[in-house]
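A.B. asks: Sharing a structure here in structure tokens format.
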Amino acid sequence: MAGFVHALSSRKEALERVAASLGFPWKIESEFLPLQNSLGKLLAEDIRTQEATPVFSRSLRDGYAVRSADVIGASSSSPVFLDVRFDVPMGVLPLQEGLPYTAAGIYTGGVLPKGYDAVIMLEDTDRNASLLEVRRSLQESENVLLQGEEYAPGDVVLKEGTRIDYRTVGLLATLGIVSVPCKVLRIGILSTGDEIVSPETAPLAPGAVRDANGWMLQALLREYGFSVSYFGIVRDDESSLRHAVEKGLEQCQVLLLSGGSSVSSRDLCSDLFASFPLPGLIVRGLNMSPGKPTLIAGDIKREKLLVGLPGHPHSCTVVALAVLLPLLDALAGVSNRARRTLFLSLGDDIVGRTGVEEFFPIFLKDGLVYPIASKSGFVGSFSSAEGLVRLPENRETARRGEVVEIWLP
């Protein structure tokens, strides 16, 4: 049988072996994208500041700019009185400087005038014409963000491989970066199997299955910033499959095949992967459930990666999350995978088995973890899932109230 799994690798061991065998990370093409088109993409180089951040010392509160030395000991019972000389307009560099025992009205974000080193909040003062009563003492730089306090010119603020998201796009805009150097890892997707038909097919012929995996993989990978091409459906025929794979690899650095990796005389992916140049077929089956028939191969000379994912949509999704994304991160040199790992209590039992790493889709309610009924052939188990429970090889059934490991996207 072409796809028969003779030896299983642990998921962690397999990821490490593939990365070592193929010399990850690889050099990836890059291009500059407009900031608005860069969300989800991977930075192709370190981003350094060209100027101090902030570029000027500014107030963090509405109030008055003062000299901290002038308000030492100020309190409600023993206030200090200052002369308000001017107000600082927003967006304007004040030309006047602070003098001893004076103050300047200032708003949050306003430029701190020279001569002043702190800001007294409005609620700690009382003003009558130009006379300001200060009822609180201040430390130097209190309620002030100093010039260059966050970043100095030349500081690395984002490292190569960082994924651009809502947390980083604002920083790039603040730094004046509107053209972003992004990695372009090109990934192709092939759906395999005589039973697979396109989603618009209706009515379904007996035994036919609409292609879910091709669409799921496209959506997942695009969400994580990868450039994806969908090459359609290829039949269980050795010549057709080899031609489709070679054609796909001409256009992409990574090629994914869903289906064609389980035990069947028609499953040809295993033999095809094994025929590739060194290192060829690296992983032939994983000790995880679902996901046992996963195949991973590569051609180090051409820097090509091939991954065969299970055909069942549920299994394919688990392998995509637990194996494919970490593999692509290692290839691309990504350092900030956003997946969060938590340890929470179960609200219901999860029936597992020892000796294999298992993953179950879950949802969260009132701080507890609940499993979603699922089997490898299910198509809707992830439609309401908020994450995965991971049961390691040495853990069997997890009971209600027990703490389990949760993976959140």
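A.B. asks: Taking interchain pairs and intrachain pairs at least six residues apart, which have beta carbon atoms under 9 angstrom, with the first residue in the stretch 24-53 and on the phi > 0 side of the Ramachandran plot and the second modelled with pLDDT under 95?
C.D. replies: 40/163; 40/164; 40/165; 40/222; 40/223; 40/224; 40/225; 40/226
One line per residue, one yes/no per condition, for (1) within 30 Å of residue 171 (Cβ to Cβ); (2) at pLDDT 95 or above:
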{"site": "61", "(1), (2)": "yes, yes"}
{"site": "92", "(1), (2)": "yes, no"}
{"site": "100", "(1), (2)": "no, yes"}
{"site": "125", "(1), (2)": "no, yes"}
{"site": "138", "(1), (2)": "yes, yes"}
{"site": "149", "(1), (2)": "yes, yes"}
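A.B. asks: When you look at residue 74, is it open to solvent by less than 80 Å² (accessible area, probe 1.4 Å), closer than 23 Å to residue 131 by Cα and not basic (Lys, Arg), yes or no?
C.D. replies: Here the answer is yes, as residue 74 does meet what is asked.
A.B. asks: Looking at (1) under 26 Å from residue 334 (Cβ atoms); (2) touching a residue at least 12 places away in the same chain (Cβ under 8 Å); (3) open to solvent by 10 Å² or more (accessible area, probe 1.4 Å), can you tell me which one residue 245 breaks?
C.D. replies: Here residue 245 meets the rest and fails (3).
A.B. asks: Do you know which residues across the stretch 343-354 are at pLDDT 95 or above and either at positive phi or not small (Gly, Ala, Ser) (or both)?
C.D. replies: 343, 344, 346, 348, 349, 350 - these are the residues of the stretch 343-354 that are at pLDDT 95 or above and either at positive phi or not small (Gly, Ala, Ser) (or both).
A.B. asks: Given the structure, is residue 233 in contact with a Ser or Thr (Cβ under 9 Å, 6 or more places away or on another chain), within 20 Å of residue 325 (Cα to Cα) and part of a strand (DSSP E or B)?
C.D. replies: Taking the combined requirement at face value, the residue does not satisfy it.
A.B. asks: Additional query: Just to verify a result, which residue in the stretch 378-397, among those that are open to solvent by 40 Å² or more (accessible area, probe 1.4 Å) and touching a Ser or Thr at 6+ places or on another chain (Cβ under 8 Å), is nearest to residue 219 (Cα to Cα)?
C.D. replies: 382
A.B. asks: So, of the residues in the stretch 271-308 that are surrounded by fewer than 24 Cβ atoms within 10 Å (Cβ to Cβ) and hydroxyl-bearing (Ser, Thr, Tyr), which turns out to be farthest from residue 353 (Cα to Cα)?
C.D. replies: My answer is 275.
A.B. asks: Another question, then. Within the stretch 156-200, take every residue that is assigned to a loop (DSSP other than H, G, I, E, B) and among the hydroxyl-bearing types (Ser, Thr, Tyr) and give me the one that is least open to solvent (accessible area, probe 1.4 Å).
C.D. replies: Selected residue: 162.
A.B. asks: Going residue by residue through the stretch 108-124, is there one that turns out to be under 30 Å from residue 222 (Cβ atoms), among the hydrophobic types (A, V, I, L, M, F, W, C) and touching a Ser or Thr at 6+ places or on another chain (Cβ under 9 Å)?
C.D. replies: Within the stretch 108-124, not a single residue is under 30 Å from residue 222 (Cβ atoms), among the hydrophobic types (A, V, I, L, M, F, W, C) and touching a Ser or Thr at 6+ places or on another chain (Cβ under 9 Å).
A.B. asks: Take the conditions in contact (Cβ under 8 Å) with a residue 12 or more places away in the chain and open to solvent by 50 Å² or more (accessible area, probe 1.4 Å) and apply them to residue 405. Does it pass?
C.D. replies: Criteria not met by residue 405.
A.B. asks: Can you tell me which residue is most open to solvent (accessible area, probe 1.4 Å) among those in the stretch 320-349 that are touching a helix residue (DSSP H, G or I) at 6+ places or on another chain (Cβ under 9 Å) and β-branched (Val, Ile, Thr)?
C.D. replies: The residue in question is 334.
A.B. asks: Look through 307, 319, 323, 283 and report the one residue that is more than 12 Å from residue 24 (Cβ to Cβ), among the β-branched types (Val, Ile, Thr) and either part of a loop (DSSP other than H, G, I, E, B) or touching a Pro at 6+ places or on another chain (Cβ under 9 Å) (or both).
C.D. replies: 319
A.B. asks: Does residue 352 qualify as being open to solvent by less than 60 Å² (accessible area, probe 1.4 Å) and out of contact with any Lys or Arg (no Cβ under 7 Å at 6 or more places or on another chain)?
C.D. replies: Against the criterion (open to solvent by less than 60 Å² (accessible area, probe 1.4 Å) and out of contact with any Lys or Arg (no Cβ under 7 Å at 6 or more places or on another chain)), residue 352 does not qualify.
A.B. asks: Quick check on this structure: which one of 113, 203, 153 is farther than 25 Å from residue 57 by Cα, outside any strand (DSSP E or B) and not β-branched (Val, Ile, Thr)?
C.D. replies: Exactly one of 113, 203, 153 is farther than 25 Å from residue 57 by Cα, outside any strand (DSSP E or B) and not β-branched (Val, Ile, Thr), namely 203.
A.B. asks: So residue 108 passes all but one of these: (1) among the β-branched types (Val, Ile, Thr); (2) buried (at least 16 other Cβ atoms within 10 Å of the Cβ); (3) over 11 Å from residue 82 (Cα atoms). Which condition number does it fail?
C.D. replies: Failing condition for residue 108: (2).
A.B. asks: Under 8 Å by Cβ, and 6 or more places apart or on different chains, what pairs join a residue from the stretch 264-281 that is modelled with pLDDT under 90 with one that is aliphatic (A, V, I, L, M) and open to solvent by 60 Å² or more (accessible area, probe 1.4 Å)?
C.D. replies: Once the first residue is modelled with pLDDT under 90 and sits in the stretch 264-281, its partners that are aliphatic (A, V, I, L, M) and open to solvent by 60 Å² or more (accessible area, probe 1.4 Å) give 264/1; 265/1; 267/1.
A.B. asks: Kindly indicate whether residue 315 is polar (S, T, N, Q) and closer than 19 Å to residue 248 by Cβ.
C.D. replies: no
A.B. asks: Which of the following residues is within 19 Å of the chain's Cα centre (by Cα), modelled with pLDDT of 95 or more and β-branched (Val, Ile, Thr): 28, 47?
C.D. replies: None of the other options fit; the residue is 47.
The values are calculated or read from the model by the stated rules, or taken from the named source; none is laboratory data. Nothing here was measured: the structure is a model prediction, and the numbers come from that model. Glycine also receives a Cβ, built like all others from the backbone with ideal geometry; neighbour counts cover every protein chain displayed. Quick note on the areas: whole protein, heavy atoms, side chains included, nothing else; ligands and nucleic acids left out. Shrake-Rupley method; radii C 1.70, N 1.55, O 1.52, S 1.80 Å.
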